[in-house]
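The values are calculated or read from the model by the stated rules, or taken from the named source; none is laboratory data. Just so it is clear, the model here is predicted, and its values are computed rather than measured. As a convention, Cβ positions derive from the backbone with ideal geometry for all residues, glycine included, and neighbour counts pool all protein chains shown. SASA here: full protein model, heavy atoms, side chains in, ligands and nucleic acids out. Shrake-Rupley method; radii C 1.70, N 1.55, O 1.52, S 1.80 Å.
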Amino acid sequence: MDTQPISSVTTNAPIDTGAADLTVVQEAARLIGQSATPGVAITGTLRLMSQMLGLNRGRVLLPSDEDGLLAIRYSYGLTDQERKRGLYSFEEGVTGKVMKTGQQAVVQDVDQEPGFLFRTVDRATLPEGIVSYLAVPIMEGNLTVGVLAAHRLRMRPRAINADLVILRILATFIAQIIKINTLIEERTSHLREENQELKVALEQQQNNHGILGESAAVKDALLQITRVADTPVTVLLTGESGTGKERFSQILHLNSKRCDQPFLAINCAAIPEQLLESELFGHEKGAFTGATATKPGKIELANGGTLFLDEIGDLNMELQSKLLRVLEGQVIQRVGGTRDVPVDVRIVTATHKNLQEAVNQGTFRLDLFYRLNVFPVHLPPLRERDGDVRILARHFLLSANREYGRYTLFGRGVLERMESYNWPGNIRQLENVIKRAVLIALDGNISVSDIESILRQESVINKHLEAGQAAVSNYPRAAEPAATTRITEPGLVAPVAASSRPYRWVREDEEEQLLNALQQTGGNKTRAAALLGMSARQFRYRLDKLELTNAP
Ligand SMILES: Nc1ncnc2c1ncn2[C@@H]1O[C@H](COP(=O)(O)OP(=O)(O)OP(=O)(O)O)[C@@H](O)[C@H]1O
């Protein structure tokens, strides 16, 4: 047996690269271009080899997924029995050696080759004359992924070298089909898996009032919320930023008798103290410069419904006593007014701070603390919700794809990487990371390195943020625009823009970040905002403050 490069194979006959070869190549190319399945294209090619070139009983052997043995996957002119018998370990027989070495094999006379096994086709089945066996590797780059082999009668006018040339060309075609098919199979199984997970998530979302998560911690919080939803009890939601406190307060509202009335949310930390009072309690005409008309506050606007007060720990002492009065007497007085206005509003509060500690430090009223802390519900951080990262990630990928008109998938290892991250910004951070990954992903595939690079940027931003917060007194407490309050029609809960928080003060050193984001998104402000985890409004507000409104 020869296992040598084609150039060193010796034959007597002159090389024949005639019309038949050309026809075979053209037809094989056409089959590959048109066939939807590799089976049709490859079997068609093997048939052409037999009918046009006399390369009979052609077969393509690939390692099987189950046992790794080289098995006949496609063939022409073999019986079912013969196909089944054609199993080789790497290195076994002529075919196994081609797989092992990546070198072609030319057996001039199968009867004279001691290593020829006759495993697939009995000698008795082969023609009586001298039969040769040719086998070439199917290569993907430097890797041998299979073997293409066939018998031929030795005494034919056509040169063995010519057959080898054509076999190698066809092996290249077959390698391409197999590669494309493997990619399609991978994608299809990925999609099937994703589809299944999304179905489960959808069912779960419907059962869980739109809250995604399978973890015991989330289910427990949900159970507590739904239990007290229809009672007048005061609920305090605690948990790190981005754990879903506002979302849970919406569920509380929707499961209460007040669900047909408005739900309003306000973030006490995002509004300057001097504005917060009138924001909450409203003002009378002429109460202060600019108060040209009487305006009801959020408490009045939420009448009959629910008011969600986020970051309640940031309320100053004066507003704390005013709030206590609302809770105890269900009356308010507008700024500049003297008249008590009766209100019927359920107040749900949330904090990421330890209120008990604030009480100990004398910054939070003990009586208000007791009034609010009647039914505390703790929302665990994402890193403590076993299995939820995967469910949430798939969900956010789907919505980001919809939002940006993309069709992006998670590549291998991405979900595992995200599961191992500790998500200091919790669900909001996860959502933002996925949005950014969808925007930067090449070939519709989010890779682990895409995620790594975003997480690296995140850690820089987190450090900046921490520095920014530590130095907060150095910056004017510029308020976010009134976007922080969401008013909805009675009975409806407005979708909370994922990026509507965290509330950050505008800092001069943000300029570069904003401009970078604009550059990355070709000037699209909505996408640039998403890249930085802000709402479009927050982004425009910052551009405005930093006088970058006309930035490209
Ligand atoms: N279990 C969940 N399933 C799906 N989406 C969720 C879930 N929990 C939170 N989210 C989404 O995550 C984002 C952050 O949630 P939310 O604003 O309720 O957090 P938060 O705890 O109030 O944050 P902060 O303390 O910073 O105000 C929102 O877009 C919300 O819709």
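Couple of notes before you dig in:
- The charge dipole of region 84-166, taken about the Cα centre with unit charges on the Cβ atoms of Lys, Arg (+1) and Asp, Glu (-1), comes to about 160 debye, rounded to the nearest 20.
- Put K100, K353 in order of accessible area, highest first, and with a 1.4 Å probe you get K100, K353.
- At R0 = 35 Å, FRET efficiency that the Cβ-Cβ distance of R339 and N255 yields, to 0.05: 0.55
- Under 5 Å, built H, 5+ apart or other chain: amide partners of I347: L307
- 3J(HN,Hα) along region 278-285: 6, 4, 7, 9, x, 8, 8, 4 Hz, from the Karplus curve 6.51 cos²θ - 1.76 cosθ + 1.60 with θ = phi - 60°, whole Hz, x for Gly and Pro.
- Proximal charge balance of D122 [Cβ under 14 Å; K/R count +1, D/E count -1]: +3
- Formal net charge of residues neighbouring G336 (Cβ-Cβ distance under 9 Å; K, R +1; D, E -1): +1
- With a simple spin-label model that places each label point 7 Å from the Cα along the Cα-to-Cβ direction, the separation between E203 and T172 comes to 5.1 nm.
- Pairs spanning more than 20 Å between alpha-carbon atoms, out of K97/K179; K435/K525; K245/K545; K295/K322; K298/K353; K219/K245: K97/K179; K245/K545; K298/K353.
- Probe 1.4 Å, accessible area per residue of the chain, Å²: 48 Å²
- Cut-off 14 Å between beta-carbons: net charge of the residues surrounding L280, Lys and Arg +1, Asp and Glu -1: -3
- Rolling a 1.4 Å probe over the protein heavy atoms of the chain, with every protein chain left in place, gives an accessible area that is 51 percent carbon and sulfur.
- Label-to-label distance, nm, for residues given as V331 and I180 (7 Å Cα→Cβ offset): 8.0 nm
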